[in-house]
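Working notes, structure below.
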Amino acid sequence: MADAIAEGHTSFKLFMIGMARFDELAADYLKVMAQAGKHGALTNVHAEDQCLIGYLCEQMTAEGKLGPKHFPDSRPREAEGLAVQRAISMAKYAEAPIYLVHLSCEEALAPIRQARAHGQIIYGETRPLYLHLSRERFEEPDAERYVGWPPLREASQMQVMWDGLRSDNLQTVATDHCGWNLAQKKAGKTVDELLPGMSNLETLIPMLYSEGVGQGKLSLSRFVEVSATNPAKLFGLYPQKGTIAVGSDADIVIFDTKKDVTIRHRNMHSRADYELYEGFQVTGWPTHTLSRGEVIVENGTVLGNAGRGQLLKRKRFAPL
Ligand SMILES: [Zn+2]
């Protein structure tokens, strides 16, 4: 870990779920957190409690409750809340900062709010699906497309997430982008076999702007903070990234705040063969995307060449 950090890889992700054998190896993971903190890295935590999830998945499979309709009940809000509380306590004694990824509900936000109020260095992220979609989607045909870990929640939680962003209970919005196609999403049969993740990178900014700033849920400056400034600061890229200033990379999105767009899969560039927000109407869409001063996307046409990306050596963690 010390070598990776010295080379500029200053964050790690830790999963509290079965695939990482978290419950079995929790003592080692606690040392991982401490080690990361000691060397100036930020530990990202996927917080869902495997004990509850494993029990529920087993029970539901035995009862023949298969498929996406039953999926949200297999990973309840309490499983997320329980894991967040555990991660916060572990981080406290590891004396390490943590960043809780893709949070979806009040059960996760409440312990973060409390720990932050007590001065613990903790950050929270949500992802677009928890702001824009709710669990009723699992009643639709091909509902496997909505499967993510954690699941879509009750509609009431969407407002909770917006409030969390506005009040600095959450600091960032990020996509966890996974460009699966529908056949891949539909391969799993039991609730625990359903493939999590979806393509949603291209719609991140227009949906956040239209639903957030456009609907009065976020200020324009908070929109920039949660989508650009805070991620750059938290992950050691500021001020090279995350700000428009002399000496910074000219990574700039020029955004037409008046442009009305109906989101359609056929206009997207992902290899996924479906669109999460098919038919959603948004006001506001990027016209130009610049990377290091070069226009790489103009009015939906990709101009940047493959291979122009550069590995960034990130700085050690500093609190926001
Ligand atoms: Zn995750």
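Each value in this text was obtained by applying a stated rule to the coordinates, not by laboratory testing. Owing to the predicted nature of the structure, the values given are computational and were not obtained by experimental measurement. Positions of Cβ are backbone-derived with ideal geometry, glycine not excepted, and every protein chain shown enters the neighbour counts.
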Next on the checklist: Taking 0.36 nm per residue of sequence separation and subtracting the Cα-Cα distance, how much length would be gained by fully extending the chain between S219 and H118, in nm to one decimal?
Outcome noted: 33.7 nm
Next on the checklist: Looking at the chain, I'd like the Rg to Rh ratio, where Rg is from alpha-carbon atoms and Rh is Kirkwood's inverse mean 1/r.
Outcome noted: 0.96
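Evaluate the relative contact order of the chain (contact order divided by residue number), counting alpha-carbon pairs under 8 angstrom at least 6 apart; express in whole percent.
16
Please report, in debye to the nearest 20, how large the charge dipole of the stretch 2-302 is about its Cα centre when each Lys and Arg carries +1 at its beta carbon and each Asp and Glu carries -1 there.
400
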Item to check | Label zone at E95 (point 7 Å along Cα-to-Cβ), backbone N below 17 Å, the stretch 1-43 | outcome: 30-43
Checklist entry - What does a probe at T257 reach in the stretch 183-215, counting residues whose amide N is under 17 Å from the point 7 Å along Cα→Cβ? => result 205-215
Checklist outcome for this item: Scalar couplings 3J(HN,Hα) for the stretch 195-202 by Karplus 6.51 cos²θ - 1.76 cosθ + 1.60 (θ = phi - 60°), nearest whole Hz, x for Gly and Pro, are 6, x, x, 7, 7, 7, 6, 5
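Let me check against my output: what whole-number percent is the relative contact order of the stretch 217-276, with C-alpha pairs under 8 Å and at least 6 apart? The partial results should precede the final answer.
Values: 28 pairs, mean separation 9.4, N = 60.
Relative contact order, the stretch 217-276: 16 percent.
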Checklist outcome for this item: With label points set 7 Å from each Cα along the Cα-to-Cβ direction at K69 and D142, the distance between them in nm comes to 1.9
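Given +1 on the Cβ of Lys and Arg, -1 on the Cβ of Asp and Glu, and no further charges, what dipole in debye does the stretch 194-286 carry about its Cα centre, rounded to the nearest 20?
Numbers: 9 positive and 10 negative charges, 28 e Å.
Approximately 140 debye in magnitude.
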Checklist outcome for this item: Expressed in nanometres to one decimal, the distance between label points 7 Å along Cα→Cβ at R166 and A245 is 2.9
Checklist entry - Which links in K69/K92; K31/K313; K92/K186; K13/K233; K38/K313; K65/K217 stretch past 28 Å when you go from one Cα to the other? => result K69/K92; K92/K186; K65/K217
Checklist outcome for this item: Amide H proximity to E154 below 5 Å, modelled H, separation 5+ or other chain, gives R135
Next on the checklist: Loop-only trypsin sites (Lys or Arg not before Pro) in the stretch 165-271, please: DSSP not H, G, I, E or B, and at most 16 other Cβ atoms within 10 Å.
Outcome noted: K189, R264, R271
